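> The following block contains the structure, expressed as structure tokens.
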Amino acid sequence: MANRRDVQHRLVTAFQRNIGNPILRRLGAQTLLETTGRVSGAPRHTPIGGRRVGNSFWFVSEFGERSQYVRNILADNRVRLRLHGHWHTGTAHLVPDDDARARLKELPRANSAVVGAVGTDLLTVRIDLD
């Protein structure tokens with residue numbers, strides 16, 4: 001029998017993939033992370049929530065290295081980020097030593113509440129913008 005974290009991961013990612021992300025990707029104000037598919041080589045767009053601090057953008061992945069976009073970052077950390085309707089290039093870095101729960105308190109409240117509630121393997125990610 002699958003453990004609770006596996007079931008939660010499958011349910012949340014199925015909802016995101018089939019309902020949430022397709023809607024959010026169409027919203028011009030939504031921040032999007034573009035990674036390169038590690039198998040397909042095609043651009044992959046994932047709605048994320050976070051905050052720009054200087055020349056860096058910080059966010060927390062709710063499923064850590066189980067997230068497909070994190071796996072894509074591990075294969076190729078050059079990314080693009082759509083902020084306020086404008087695309088920026090950058091380099092993504094996983095920050096496993098960062099306290100992801102504390103980081104969520106510094107990020108936009110609504111997104112942080114969802115990530116904190118559904119996440120099972122929180123992982124901080126920093127994107128250094130070019």
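The values are calculated or read from the model by the stated rules, or taken from the named source; none is laboratory data. Remember, predicted model here, so these are calculated numbers, not experimental data. Here the Cβ is made from the backbone with ideal geometry for all residues, glycine too, and neighbour counts use every protein chain on show. The area values use the complete protein model at the heavy-atom level, side chains included, leaving out ligands, DNA and RNA. Shrake-Rupley method; radii C 1.70, N 1.55, O 1.52, S 1.80 Å.
> Within region 47-69, how many residues are open to solvent by 20 Å² or more (accessible area, probe 1.4 Å) and in a helix (DSSP H, G or I)?
4
> For region 101-130, how many residues are part of a loop (DSSP other than H, G, I, E, B), within 15 Å of the chain's Cα centre (by Cα) and within 11 Å of Gly50 (Cα to Cα)?
So the count comes out to 2.
> If you check Asn77, Asn72, which single one turns out to be modelled with pLDDT of 95 or more, open to solvent by 50 Å² or more (accessible area, probe 1.4 Å) and among the polar types (S, T, N, Q)?
None of the other options fit; the residue is Asn77.
> Being of a type in the set (Phe, Trp, Tyr) and closer than 19 Å to Thr13 by Cβ is the filter here, so list the residues in region 65-122 that pass it.
Tyr69
> Cβ contacts < 6 Å: first residue surrounded by 14 or more Cβ atoms within 10 Å (Cβ to Cβ) and at pLDDT 95 or above, restricted to region 101-130; second residue in a loop (DSSP other than H, G, I, E, B) and not polar (S, T, N, Q), any location; separation 6+ or different chain. Result?
Thr124/Asp98
> Starting from residues that are open to solvent by less than 60 Å² (accessible area, probe 1.4 Å) and either assigned to a helix (DSSP H, G or I) or among the basic types (Lys, Arg) (or both), keep the ones in region 80-100 and report whichever is nearest to Val70 (Cα to Cα).
Per the stated criteria, the residue is Ala100.
> Any chance you could count how many residues in region 4-42 are outside any helix (DSSP H, G or I), modelled with pLDDT of 65 or more and open to solvent by less than 80 Å² (accessible area, probe 1.4 Å)?
11
> Answer yes or no: is there a residue in region 75-94 that is in contact with a Leu (Cβ under 9 Å, 6 or more places away or on another chain) and of a type in the set (Lys, Arg).
For region 75-94, residues in contact with a Leu (Cβ under 9 Å, 6 or more places away or on another chain) and of a type in the set (Lys, Arg): present.
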